[in-house]
Amino acid sequence: MKLALVVNPKSGAGRDSDGIAERLRAPGHDVETFEIGDADAAAASGADRVVVAGGDGSIGTVFAACAEHRAPLAILPAGTANDFARAIGVPADFDAALDVAKDSDARHRTVWGATLDGHPFVNVASIGLAVNAAREAAPFKSKLGPVAYAIGAVIAGAKGKQVHCRVSVDGEQVYEGDVWQALVAASGSFGGIVQLPDSDPETSEMELFVVESKSRLTLIRRVWGMRKGGNRGGMRFFQGHSIRVDVDPDLLWNVDGEVLDLGDVTAEPLGPVEIFLPPETTAPRWRRR
């Protein structure tokens with residue numbers, strides 16, 4: 001096969017592109033290496049599949065390029081939490097994922113992501129406590145890995161404040177008020193442990209979860225209910241193909257772990273992209289109940 005390898009050496013695991021390329025060539029494949037800024041060129045190169053080694057932010061960038069050029073994608077999880085890989089069934093172990101990437105007979109799964117005013121994401125984009133959690137987790141990520149997100153969430157839950165938003169789904173206003181968080185989900189996986197219920201990456205519809213402004217104790221109960229695909233824990237839930245979120249001025253967004261100043265935004269589906277998986281496992285399916 002001809003493989004286009006995209007590596008982000010600044011991801012949480014910090015992988016060497018030459019070493020990865022050499023291992024991908026082992027079965028006799030032709031491998032061309034691209035930097036993360038050249039993801040579009042990699043997807044347009046005519047390769048049999050694009051291979052990305054990086055965290056969720058890098059995967060989102062390459063996913064968008066593959067969606068545009070209809071290129072299939074293999075994922076090598078090299079970030080801190082690797083939420084997207086976990087959500088769709090890619091092996092968490094880097095070596096196992098590399099075996100899938102170079103397996104010409106690997107099965108694939110059709111997956112959708114999303115964009116937030118042109119910013120691609122594959123997990124969750126959110127306002128509210130998730131922004132505080134990302135900032136609080138940042139100093140701990142290099143030493144503690146995914147545990148840093150749990151620490152960040154605890155601190156954010158203790159110190160964070162409610163925010164105001166107005167939300168429309170497919171052109172109809174569905175909510176306005178103060179919230180602890182509002183989350184737009186593609187795969188619905190984030191924070192190393194959380195899988196939002198009802199989020200299905202195999203559909204083009206996105207899900208919106210609103211954690212309404214209640215007491216902090218109620219907030220803790222609701223967040224606990226979000227773990228591992230648990231029940232909605234009292235969250236408001238909507239779904240659609242276009243989600244508009246209007247926010248107060250200066251409110252920031254957490255987009256797959258990256259804090260961005262985007263203001264009012266519209267989320268739309270991105271995809272589909274074929275992603276390769278090991279034959280011996282069944283990918284998680286987060287069906288709506």
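The values are calculated or read from the model by the stated rules, or taken from the named source; none is laboratory data. This structure is a prediction, so every number in the text was calculated from the model and none was measured. Here Cβ is always computed from backbone atoms with ideal geometry, including for glycine, and neighbour counts include all displayed protein chains. Each accessible area value is taken on the protein alone, full model and side chains, heavy atoms only, with ligands, DNA and RNA left out. Shrake-Rupley method; radii C 1.70, N 1.55, O 1.52, S 1.80 Å.
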Any idea which of (1) crowded, with 23+ Cβ neighbours inside 10 Å; (2) in contact with a Pro (Cβ under 7 Å, 6 or more places away or on another chain); (3) not in a strand (DSSP E or B) is the one Gly113 doesn't satisfy? (3)
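Table: residues versus (1) polar (S, T, N, Q); (2) in a loop (DSSP other than H, G, I, E, B); (3) modelled with pLDDT under 85.
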| residue | (1), (2), (3) |
| --- | --- |
| Val174 | no, no, no |
| Ser199 | yes, yes, yes |
| Thr203 | yes, yes, no |
| Val210 | no, no, no |
| Gly234 | no, yes, yes |
| Phe237 | no, no, no |
Ala4 passes all but one of the listed conditions (1) surrounded by fewer than 24 Cβ atoms within 10 Å (Cβ to Cβ); (2) in a strand (DSSP E or B); the exception is number (1)
List every residue pair whose Cβ atoms sit under 9 Å apart, with the two residues 6 or more apart in sequence or on different chains, where the first one lies in region 113-127 and is closer than 14 Å to Val194 by Cα and of a type in the set (Lys, Arg) and the second, anywhere, is outside any strand (DSSP E or B) and at pLDDT 95 or above. none
Which listed residue, of Arg25, Arg109, Arg70, is of a type outside the set (A, V, I, L, M) and in contact (Cβ under 8 Å) with a residue 40 or more places away in the chain: Arg109
Filter region 178-208 down to the residues that are out of contact with any strand residue (DSSP E or B) (no Cβ under 7 Å at 6 or more places or on another chain) and under 17 Å from Gly263 (Cα atoms) and list them by number. none
Of all residues in region 181-197 being open to solvent by less than 40 Å² (accessible area, probe 1.4 Å) and in a strand (DSSP E or B), which is modelled with the highest pLDDT? Val184
Region 156-172, subset assigned to a helix (DSSP H, G or I) and open to solvent by 50 Å² or more (accessible area, probe 1.4 Å), residue modelled with the lowest pLDDT: Ala158
(1) at pLDDT 95 or above; (2) open to solvent by 50 Å² or more (accessible area, probe 1.4 Å); (3) touching a Ser or Thr at 6+ places or on another chain (Cβ under 6 Å): which one isn't true of Glu32, the others all being true? (3)
Of the criteria (1) hydrophobic (A, V, I, L, M, F, W, C); (2) assigned to a loop (DSSP other than H, G, I, E, B); (3) closer than 23 Å to Ala87 by Cβ, which one Ile20 fails: (2)
Region 72-89, residues that are modelled with pLDDT of 95 or more and either open to solvent by 10 Å² or more (accessible area, probe 1.4 Å) or within 11 Å of the chain's Cα centre (by Cα) (or both): Pro72
For region 170-192, give me the residue count where each residue is in contact with a Pro (Cβ under 6 Å, 6 or more places away or on another chain) and within 10 Å of Val124 (Cβ to Cβ). 1
Right, Thr61: open to solvent by 10 Å² or more (accessible area, probe 1.4 Å), among the polar types (S, T, N, Q) and part of a strand (DSSP E or B) or not? no
